[in-house]
1. Taking the dipole about the Cα centre of the range 89-159, with the C-beta of Lys and Arg at +1 and of Asp and Glu at -1, give me whichever of GLY152, LEU126, CYS103 is farthest to the positive side.
2. Tell me, what is a quarter of the convex hull surface for the C-alpha atoms of the range 113-159, in nm² with one decimal?
3. Working out 0.36 nm times the residue gap between LYS120 and LEU21, then minus their Cα-Cα distance, what length gain in nm do you get to one decimal?
4. Need the full-extension length gain, ASN33 to ASP151, defined as separation in residues times 0.36 nm minus the C-alpha distance. One decimal, nm.
5. Just give me a number: lysine pairs in the range 13-158, eight or more positions apart or cross-chain, with C-alpha atoms less than 17 Å apart.
6. Which number do you get for Rg(Cα) / (2.2 N^0.38 Å) in the chain?
7. Please compute the modelled spin-label separation between ILE134 and LEU159, points set 7 Å along Cα→Cβ, answer in nm with one decimal.
8. What is the sum of charges around ALA19, taking Lys and Arg as +1, Asp and Glu as -1, for the other residues whose C-beta is under 9 Å from the C-beta of ALA19?
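Values in this text are rule-based calculations from the coordinates and carry no lab data. What you see is a predicted model; the values in this text were computed from it and never measured. As a convention, Cβ positions derive from the backbone with ideal geometry for all residues, glycine included, and neighbour counts pool all protein chains shown.
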Amino acid sequence: MSNILAVAQQGEAILTLKAALVVESEFNSTWLNGLADAMQATMLERNGVGIAAPQVYVSKRVIIVASRPNPRYPDAPEMDAIVMVNPEILEKSEQIILGEEGCLSVPNERGEVARAEKVKVRYFSLVGEKIETIFHGFPARIVQHEIDHLDGILFVERL
Ligand code: K1U
Ligand code: ZN
């Protein structure tokens with residue numbers, strides 16, 4: 001069983017920083033696997049559909065994306081959680097759509113955020129495999145929200 005971690009809240013400096021890249025020697029390490037496990041446990045405990053390492057006080061470029069159907073997005077796909085290390089958006093669709101967002105670091109606030117409908121993302125797995133995937137709709141929204149966390153941006157700054 002993994003550790004449930006504290007979640008940083010709006011106003012804390014860690015959420016405003018640009019997170020550091022995970023370096024070669026950190027892939028396939030007990031430390032990185034433990035961080036990913038604890039992030040996933042914390043996300044599940046808070047009922048989230050995503051989480052970024054800075055939200056658990058680790059300023060490193062690691063995110064988890066875990067779309068599932070929910071009252072706001074009943075048609076969202078059910079995904080196994082994807083851990084993305086050093087994710088980068090390679091392409092964004094011209095089509096922009098508005099959709100409701102919440103944030104584990106901003107309690108009791110929801111808002112309509114404009115995001116690209118489709119993104120092509122490059123990331124690394126926990127063992128350092130390079131992966132490129134296209135996401136649409138709600139999963140694409142989660143990816144953009146989580147990468148914003150790595151760049152020190154909260155969704156409330158995009159309202
Ligand atoms: O990064 C986070 O703070 C997690 C956040 C991810 C997210 C939700 C909605 C849109 C983009 C990114 C959450 O999981 S908030 C809780 C939630 O499950 C939810 C909130 C609003 C709409 C749908 C789901
Ligand atoms: Zn958030």
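1. Of the options given, the answer is LEU126.
2. That works out to 3.5 nm², a quarter of the Cα hull's surface.
3. This chain segment gains 33.7 nm when fully extended.
4. That works out to 40.3 nm of additional length.
5. Taking the Cα cut-off of 17 Å, the pair count is 4.
6. 0.96
7. 3.4
8. Neighbourhood net charge equals +2.
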